[in-house]
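Every read-out reported here was derived from the displayed coordinates using simple, explicitly stated rules and does not represent laboratory data. Predicted model only: the values in this text are computed from it and were never measured. Note: ideal-geometry Cβ built from the backbone for every residue, glycine included; neighbour counts use all protein chains shown.
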Amino acid sequence: MLREQILNLKFKESLKKLISTTLAKSILLVPKILDNVFSLFFLEFIIATMNKEKLLNQTKLEQAFHLFDQDGDGFITRFELANVMGGIELDDAQWKALVEECDTNKDGKVNSML
C-alpha cells in the first residue's frame with residue numbers, strides 16, 4: 001500500500017510537471033502563432049490591395065481605349081487616332097506607323113486586349 005501511494009504521488013508529480021511544461025511550451029508558441037496569423041492577414045491585405053490596383057488600372061485602360069475607339073467597334077483605326085489627337089501634325093504614313101506599333105495581328109487597327 002505504501003508502494004502504491006509513493007507510485008501514485010510520483011505519477012501525480014510527473015503529471016503536474018508534464019502539464020506545466022506543456023503549458024509553458026504552448027504559451028511560448030502563442031506569439032509565433034499570432035505572428036503567423038498576422039503575417040497571413042497582412043499578405044491577404046497586400047494581395048487584395050494589388051488586385052484593387054490592378055482592377056483600377058484595368059478600368060483606366062478600358063476608359064482610355066473607349067476614348068480612342070470612337071465608333072465603339074472594339075478597334076482603333078489610324079483615322080480615330082488622328083481624330084482624337086487632332087492637334088498633332090503627322091502625315092498619313094506616320095499615323096499608320098503609329099498604329100502598326102500596337103497592331104498585334106497586323107490588320108491595320110489596334111484591337112482591344114481588354
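For region 79-114, the set of trypsin sites (Lys or Arg not before Pro) satisfying both a DSSP loop assignment and a count of at most 15 other C-beta atoms within 10 Å is given as K106. Which of rounded, prolate or oblate describes region 69-114 when judged by the alpha-carbon gyration tensor and an a/c cut-off of 1.5? Verdict is oblate for region 69-114. Between T59 and F41, residue separation times 0.36 nm minus the direct Cα-Cα distance comes to 3.8 nm.
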